[in-house]
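Enquirer: Below: one structure in structure tokens.
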Amino acid sequence: MRSRTQRALFGVAITLTGCTAVLGVNDVFYDPNAPQGGTSSGSSGGPDGATTTPDGATTTPDGATTTPDGAPCTADTQSDAENCGRCGHDCGGGSCTQGKCEAVTVADVARPAGLATDGTFLYVTSYSGGQVLKLEKLPQKPVVPIGSSVPSAMGIAVGGNNVYVTNEEGASTTGGIHRCVLPACTAFTRITPLDYAHYVAVTGTNVFASTQDSVVRTNLDGTSPVKIAGYTQCFGIAADDTHVYVGSFNPELQRIQYDGGSPTPMGPRNASTSDGFVTVDGDRVFWAYEDNGSKKGQVLSSLKAAPATRTTYTGEGKRSLGIAADADWVYWADGGTVVNNTLVGDGTLNACPRVGCPGSGPTVLATGLKGSGQVVLDAKYVYWAELGTSGADGRVRKVAKP
């Protein structure tokens, strides 16, 4: 018997769990082995009062600007895609309009469910295709299937030399945690049977999976599986060196010790839907979800050392789900408005300083999202996946960081 999540996915194109969850694709899952951004978006001081942006451009006190390679910058920063808004700010394949980088589609993917990066490539699961795809980060590049078929593939994480995938099938058939070895990744091997596994996180010597009724920890080779927590419809999951963070039908985001000790509530969620992803870094945990009453997206973070110390980035989102963070910014994807069970296509990718949004609200980095899902980062770009309105119009997109 298929779980509520899978049945709902095919009943309504945008619905992921038994209530109102949306499948797009770091949860954000958190993979400490993969680059997570962290490049400061501010300017650093240089010799003789010069300033250098994260892109490598340098401006001297007399106003002269050079590009990252040291050449004088004479570009039209309103339209030059390699110097958009400022010298050295490269749109990464997107166009530059009035000094703002436009989002670009990296690849079309049938119902993308999970998204991860190893710093060089993107890896995405295709739920309806039962495939795992390897993508270059530039648009219009070949989409390469890797490994063998993984029916109902959902979560994906890269750890060490391995790709880990979870899938929403019963343990008696193909359900569980699957692994293949990079760079060849010729076949996926099921290393841990599980019933209806949703998302996966890897850290240190452990793999963690969220399922329809539990959080499970295993060794990197899938051995010694241990149920460390039991919640209904566990979904987005992340891990640090000591704890696992998971969203579920529980009305609080939960932090769980590796050994399964007493959980710690980290902040509000929703007791009616399991949608929403979570990510974690050195001092904070970040999560997004849709409030079942107001139908508005919520995006928050809490200090790990003091969970009651929280920052709310928005309480007015449109189906907020995917989330990621670097040293300076928080990024999240809003899936957009639904009319007659169909996504309108008015979702947005948003960003705010991690210390909190200004009074003017979030910075909108991209528009036209059709469903939201996992968001991942590298040093310069934000990548996210969209379920789409049908199996044919799912996609993975990218945009330059602010």
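Enquirer: State whether one or more residues within the stretch 212-223 are modelled with pLDDT under 95 and more than 30 Å from G92 (Cα to Cα).
Expert: No, that holds for no residue.
Enquirer: Tell me which residues, restricted to the stretch 250-278, are within 25 Å of V338 (Cβ to Cβ) and within 19 Å of the chain's Cα centre (by Cα).
Expert: L253, R269, T273, S274, D275, G276, F277, V278 - these are the residues of the stretch 250-278 that are within 25 Å of V338 (Cβ to Cβ) and within 19 Å of the chain's Cα centre (by Cα).
Enquirer: If you don't mind, another one. Any chance you could count how many residues in the stretch 213-226 are open to solvent by less than 50 Å² (accessible area, probe 1.4 Å) and either in contact with a His (Cβ under 8 Å, 6 or more places away or on another chain) or not hydrophobic (A, V, I, L, M, F, W, C) (or both)?
Expert: Count: 3.
Enquirer: Next question. What are the residues in the stretch 344-374 that are of a type in the set (A, V, I, L, M, F, W, C) and open to solvent by less than 10 Å² (accessible area, probe 1.4 Å), if any?
Expert: Within the stretch 344-374, L349, A351, C352, A366, L369 meet the criteria.
Enquirer: When the residues of the stretch 286-314 are filtered to those that are at pLDDT 95 or above and polar (S, T, N, Q), which remaining residue is most open to solvent (accessible area, probe 1.4 Å)?
Expert: Restricting to residues being at pLDDT 95 or above and polar (S, T, N, Q), the top hit is T312.
Enquirer: Right, another one. I need a count of the residues in the stretch 95-108 that are polar (S, T, N, Q) and either within 15 Å of Y381 (Cβ to Cβ) or open to solvent by less than 30 Å² (accessible area, probe 1.4 Å) (or both).
Expert: Total meeting the criteria: 2.
Enquirer: Then there's this: Quick one: would you say G388 is at positive phi and at pLDDT below 95?
Expert: Spelling it out, G388 is indeed at positive phi and at pLDDT below 95.
Enquirer: Oh, and also: Only one of D259, D240, D283, D275 is surrounded by 23 or more Cβ atoms within 10 Å (Cβ to Cβ), touching a strand residue (DSSP E or B) at 6+ places or on another chain (Cβ under 9 Å) and charged (D, E, K, R); which?
Expert: Of D259, D240, D283, D275, the one residue that is surrounded by 23 or more Cβ atoms within 10 Å (Cβ to Cβ), touching a strand residue (DSSP E or B) at 6+ places or on another chain (Cβ under 9 Å) and charged (D, E, K, R) is D275.
Enquirer: Within the stretch 275-388, considering only strands (runs of 3 or more DSSP E) that don't extend past its boundaries, which have at least 2 residues that are within 30 Å of E82 (Cβ to Cβ)?
Expert: Here the list reads 320-325, 329-334, 347-353, 363-369, 375-377, 381-386.
The values are calculated or read from the model by the stated rules, or taken from the named source; none is laboratory data. Everything quoted here is computed from the prediction, not taken from an experiment. Because the Cβ atoms are built from the backbone with ideal geometry, glycine has one as well, and the counts that use them run over all protein chains shown. Note: accessible area is taken over every heavy atom of the protein model, side chains too, but ligands, DNA and RNA are not part of it. Shrake-Rupley method; radii C 1.70, N 1.55, O 1.52, S 1.80 Å.
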